[in-house]
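Accompanying notes for the structure given below.
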């Protein structure tokens, strides 16, 4: 797989209360939202580029995740290059939404989930090493949620760049 086949993404959560981020936090977010170092020790390389230690990079990322500014740090791979994946959705009673979202999030293979205004109100993406593992995860989510899980596999691949310049003057974080 070439470097062009994947990139790293720091996914931010909109709708959170404004936070006091340091200038270094802003540099970290803007510099590595894309162009995550593809080396044996990426956090050390990030620190080198920023002029801070690997430990400080890890502490800052952890703090940004704990505060809800960053929801995920990890690779985004071209669909179908490694393993199998699907978009899935489930209908969840509003009172059960947080519980079922926690069930969905308990699987490392779940990239993200989000609520939608639709009868199928909880949507998520699962990427697994095999079709069998994918089906096992969906069956377990179905069992624990008590509702059918609907698979919506990709029919056509579109590349959408989800990287956005993060301006510290904006109040959307």
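The values are calculated or read from the model by the stated rules, or taken from the named source; none is laboratory data. Predicted model only: the values in this text are computed from it and were never measured. Note: ideal-geometry Cβ built from the backbone for every residue, glycine included; neighbour counts use all protein chains shown.
Values for this structure:
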quantity: Matching residues in the range 45-60 - criterion: being surrounded by 16 or more Cβ atoms within 10 Å (Cβ to Cβ) and either modelled with pLDDT under 95 or within 23 Å of the chain's Cα centre (by Cα) (or both); calculated: 45, 46, 47, 56, 57, 60
quantity: Condition met for residue 71 (assigned to a helix (DSSP H, G or I) and either loosely packed, with under 15 Cβ neighbours inside 10 Å or in the same structural domain as residue 35 (by TED's automatic domain parsing) (or both)); calculated: no
quantity: Hits in the range 79-91 - residues which are surrounded by 16 or more Cβ atoms within 10 Å (Cβ to Cβ) and at pLDDT below 95; calculated: 79, 83, 84, 85, 86
quantity: Search result, residues across the range 100-126 that are out of contact with any helix residue (DSSP H, G or I) (no Cβ under 8 Å at 6 or more places or on another chain) and surrounded by 14 or more Cβ atoms within 10 Å (Cβ to Cβ); calculated: 101, 111, 120, 123, 125
quantity: Scan of the range 84-125 for residues that are within 15 Å of the chain's Cα centre (by Cα) and part of a loop (DSSP other than H, G, I, E, B), ordered by number; calculated: 106, 107, 108, 109
quantity: Boolean, residue 40 is out of contact with any strand residue (DSSP E or B) (no Cβ under 8 Å at 6 or more places or on another chain), modelled with pLDDT of 80 or more and not in a helix (DSSP H, G or I); calculated: yes
quantity: Inter-residue pairs, beta-carbon under 6 Å, first within 13 Å of residue 25 (Cα to Cα) and in the range 44-61, second in a loop (DSSP other than H, G, I, E, B), 6+ apart; calculated: 47/53
